[in-house]
1. Show me the strands (runs of 3 or more DSSP E) entirely contained within the stretch 1-64 in which 3 or more residues are within 16 Å of Thr88 (Cα to Cα) and open to solvent by 60 Å² or more (accessible area, probe 1.4 Å).
2. So how many residues does the stretch 3-42 have that are under 23 Å from Tyr61 (Cα atoms), under 9 Å from the mean Cα position of the chain (by Cα) and touching a residue at least 60 places away in the same chain (Cβ under 8 Å)?
3. Take the stretch 50-91 and flag every residue that is more than 13 Å from the chain's Cα centre (by Cα) and without any contact (Cβ under 8 Å) to a residue 40 or more places away in the chain.
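The values are calculated or read from the model by the stated rules, or taken from the named source; none is laboratory data. Values in this document were obtained by computation on a predicted structure and should not be read as measured data. Neighbour counts are summed over all protein chains in view; Cβ atoms, including those assigned to glycine, are modelled from backbone coordinates with ideal geometry. Ligands, DNA and RNA are stripped out before the accessible areas are found, and what is left, the full protein with its side chains, is counted by its heavy atoms. Shrake-Rupley method; radii C 1.70, N 1.55, O 1.52, S 1.80 Å.
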Amino acid sequence: MLALTCNDTSLSAPVELDKQPMLNSTDGVTAISYNLFQDAALSLPWGTTADNTAMTLVSAYGANPLTVYGQIPAQPNVVAGVYSAPITATVSF
């Protein structure tokens, strides 16, 4: 969950998510792919304005929670372990 607070009466701005590779915490090299989405149906990818997948936030004054949905597609020969990745959210206004 991502929470943005608007200190004005309204805001309309793109929200971009930039993801890094998801790496195995044991070896730091083995990676698996994953995707981020704007909806629970996993039909609206969430990315950047450059690839035309940024979400446009239209909000009112106060807190605006945004849910980020993730999916790890089936992949062959995945090494067992704990995987993690940083995700950067950018709001441009």
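1. Working: elements: 2-19, 22-24, 35-37.
Filter on the stretch 1-64 gives 2-19.
2. Looking only at that region, the number is 2.
3. Within the stretch 50-91, Ala50, Asp51, Asn52, Ala74, Pro76, Asn77, Ala80 qualify.
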